[in-house]
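The values are calculated or read from the model by the stated rules, or taken from the named source; none is laboratory data. The shown structure was predicted, so the numbers you read here are calculated from the model rather than taken from an experiment. Neighbour counts are summed over all protein chains in view; Cβ atoms, including those assigned to glycine, are modelled from backbone coordinates with ideal geometry.
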Amino acid sequence: MSRVDDPHRPRLGPGSRLTIRREGGLAHFPGLAAPRCIEGDKCTPGQRRWLERLLGEVLEGGAVEASRTQAEGQPSGADRRVFRLAIDEPGEAAGGGADDTLPPRWTLIVDETRAPGSLVTLWRHGELGEEP
Amino acid sequence: MARPDDTLSRPGFTPPYILERLREHGSPRQRRCAEATLTHDHSFRALRGPQAAERLPAASAPGRPARYIYTAEHRETLPGRLVREEGQPGIDDPAVEEAYRWLGATYRFFWEVFERHSIDAEGMPLIGTVHFGQDYDNAFWNGTQMVFGDGDGELFRRFTVAIDVVAHELAHGVTERESGLVYAGQSGALNESLSDVFGSLVKQFHRGERAAQADWLIGAELLTEAVQGRALRSMAEPGSAFDDPVLGRDPQPGHMDQFVVTQADNGGVHINSGIPNRAFYLAAQALDGYAWEVAGRVWYATLRDPRLSPDIDFAGFAALTVDNADRRHGRQSREEQAVRDAWRAVGVMP
């Protein structure tokens, strides 16, 4: 199957919302667990392509889709931190409004030490790249 | 300050909490911390280099630890460069010395109290890497070794500073070898609680404290003066360790009535561990004396109990502790009653 047709490959459209959470660690601090959200309709097409490429890079680097973590097992160890990335489509909810009770259509979990630096920078600084 | 669930708008998003804090204060140190993330390598950092397990030294003789301390030199490659091994003289690096000393204290506790010879009971070398990452505010067990960050200096000090945190990480290795408790949900919270129990016991053993003298705090030395808090967790009073504008409020419950159902934190492993933590504290307090002598041995026997399934829940674990207290001290003994009462007090047993 080509990468273009890969159903696991993340897609970001104008109606998509990408949420990035950093979870885990030696203790849980609610104040540090605030998710960062990126609305697709507030990004340029080039920025969405940049995000798609980043998510693909994360996936190829050993991240696991959340739906598969149970079957494939968790990484060994404890107190490790992970990034949880989720894409949902708020506009698909009834009435066209956001419905946070709907599960995201795509969720990825990546160990912090396997995350590309650009993802860490995105989470910390909110710096988006852009592709032509 | 950024609020939870803030929606971040293009071209970026609302700056995260830490950058807000940096902008507010703007000290050179804080700016350096923020800039450090920009220097991250864009490749997959931790995948480089051989893993510690590939070049493990031979096991040590019973009763003697085999400590190997590495420095990651502020990168994220494991294990890093070896800077001190067993028997070598100390060096001028507090993180290295703390890791060496506290791993030794933890080994001594497990050996002298339980006659356990290291993580695997067969003399497995104790490998710790310090100076992991840039201003890295975490410590973890990766299945092979312990890893410690230096902290950002603003919220967290270096993670080797607290004996119970070092012992907590080593204890994860013991739990992994003995029971393989699944690191999610209630079994994950038990996994975390066991590391807090043994972490606290190592601290008490090292200080020669009785249960009534102990502070029952985890990581009391970790938080800087800038944080409104006294530790990462309180085993005596879960939910009371910190209440800070940046870190938020300690989310730990101390009773099943407040059990937190969440997807975050592997199903709340560091949150709901407050419940079994408090049960251990209550049992130890009721029995008085040194907490490792009775309560600690009951919990350790439970950890090694073949009936302990990897996905056990609080109720199943509690029943096993009561049964192990019964086996060691007799049915309806003071010890068995103290353990049973402790689980009842936190709402796990009827």
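Here are a few things to note about the model shown:
- Set side by side, the residues B:A95, B:A139 differ, and just one is in contact with a Lys or Arg (Cβ under 7 Å, 6 or more places away or on another chain), within 30 Å of A:R124 (Cα to Cα) and of a type in the set (G, A, S), which is B:A95.
- Number of positions in region B:152-178 that are of a type in the set (D, E) and more than 8 Å from every other protein chain (Cβ to nearest Cβ): 4
- Exactly one residue out of A:E57, A:E72, A:E65 is at pLDDT below 95, surrounded by fewer than 18 Cβ atoms within 10 Å (Cβ to Cβ) and facing chain B (nearest Cβ under 10 Å): that is A:E57.
- Number of positions in region A:89-132 that are more than 13 Å from chain B (Cβ to nearest Cβ) and either surrounded by 20 or more Cβ atoms within 10 Å (Cβ to Cβ) or modelled with pLDDT of 90 or more (or both): 2
- Any chance B:L170 is among the hydrophobic types (A, V, I, L, M, F, W, C) and crowded, with 24+ Cβ neighbours inside 10 Å: yes
- Scanning region B:199-231 for residues that are free of Cβ contacts under 8 Å to residues at least 60 places away in the same chain and buried (at least 18 other Cβ atoms within 10 Å of the Cβ) returns B:G199, B:K203, B:L217, B:I218, B:G219, B:A220, B:G229, B:A231.
- Residues of region B:238-259 that turn out to be part of a loop (DSSP other than H, G, I, E, B) and buried (at least 17 other Cβ atoms within 10 Å of the Cβ), as a count: 12
- For region B:111-137, a residue qualifies if it is among the aromatic types (F, W, Y) and crowded, with 21+ Cβ neighbours inside 10 Å, and the qualifying residues are B:F132, B:Y136.
- Number of positions in region B:260-283 that are surrounded by fewer than 22 Cβ atoms within 10 Å (Cβ to Cβ) and either at positive phi or part of a loop (DSSP other than H, G, I, E, B) (or both): 5
- Residue identified as in the same structural domain as B:G143 (by TED's automatic domain parsing) and modelled with pLDDT under 75 among B:L38, B:L56, B:L82, B:L78: B:L56
- All positions within region A:1-54 that are at pLDDT 90 or above, basic (K, R), in contact with a helix residue (DSSP H, G or I) (Cβ under 9 Å, 6 or more places away or on another chain) and over 30 Å from B:L232 (Cβ atoms): A:R17, A:R48
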